[in-house]
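Right, one structure below, let's go through it.
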Amino acid sequence: MFRRFAMLAALLLGIGTATAQTATPAAPATPATPPATVRVVLTTSEGPITLELEKDRAPKTTANFLHYVDTKRFDGITFYRAMKLQPDLGLIQGGLRNDPRKLFPPVEHEPTTQTGLSNKDGVISMARDKPGSATADFFIAIGDLSSLDARPDQPGDNLGFAAFGHVVEGMDVVRRIGMGTTSPTEGEGVMKGQMLAPTIKVLTARRVP
């Protein structure tokens, strides 16, 4: 009886060893597919700015921006504002501020808590009044402006500004525009003293093939 148990144990041990030796190695993990993006070049009078827009993470905001690009309604617009908080902190703002006839309906607000994006150096976001009022005006951050992200723990309008892409080429152009001369008297409310004089023209806005 003892010999039978010993033989059975040996047989089971042998099967386990063989199985371990012939086991198929685990397949390597499939890398995650990066979110889809689309590139747009703003050709300005100061040089080109190439944007990479977050088609997957901020789909509604990106589609709204591309609507203006594809209908060429951004051709001839201007960067009209340069907010300078510190030497390397602020933003430049552009859009159809003085031509409301070219505006499409406002886009639904996509807060940074939803998209996972943040208003940091080189990020492009929509300018707005109340949430859901953004149309064609946008700004590009110079430095870390994550204070403009959605802050659900804060009272009042805490939904922030809808980030939807970032500059991949041309931050030198953005910074140069941001250092432009501003009028001390032009502008209203928080924008007073931040209006560029002269403004910087966007000659064309086109998707990158």
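If Thr44 satisfies all but one of (1) of a type in the set (Ser, Thr, Tyr); (2) closer than 21 Å to Val174 by Cβ; (3) at pLDDT below 95, what's the number of the condition it fails?
All conditions pass for Thr44, except number (3).
I'd like to verify a number: residues in region 100-109 that are more than 21 Å from Lys55 (Cβ to Cβ) and in contact (Cβ under 8 Å) with a residue 12 or more places away in the chain, how many? Steps first, please.
Narrowing region 100-109 to residues more than 21 Å from Lys55 (Cβ to Cβ): 100-103.
Then keep just the ones that are in contact (Cβ under 8 Å) with a residue 12 or more places away in the chain; that gives 102-103.
Matching residues across region 100-109 total 2.
Please determine, by comparing only the residues of region 67-101 that are out of contact with any helix residue (DSSP H, G or I) (no Cβ under 9 Å at 6 or more places or on another chain) and of a type in the set (Lys, Arg), which one is surrounded by the most Cβ atoms within 10 Å (Cβ to Cβ).
Within region 67-101, the match that is surrounded by the most Cβ atoms within 10 Å (Cβ to Cβ) is Arg97.
Just a yes or no: is a residue in region 43-66 surrounded by 23 or more Cβ atoms within 10 Å (Cβ to Cβ), among the aromatic types (Phe, Trp, Tyr) and either assigned to a strand (DSSP E or B) or without any contact (Cβ under 8 Å) to a residue 40 or more places away in the chain (or both)?
no
So Phe104 fits all but one of (1) surrounded by 15 or more Cβ atoms within 10 Å (Cβ to Cβ); (2) at pLDDT 95 or above; what number is the exception?
It is condition (1) that Phe104 fails.
The values are calculated or read from the model by the stated rules, or taken from the named source; none is laboratory data. Just so it is clear, the structure is predicted and the values come from calculations on it, not from any experiment. All Cβ positions, even for glycine, are placed from backbone atoms using ideal geometry, and neighbour counts span all protein chains on display.
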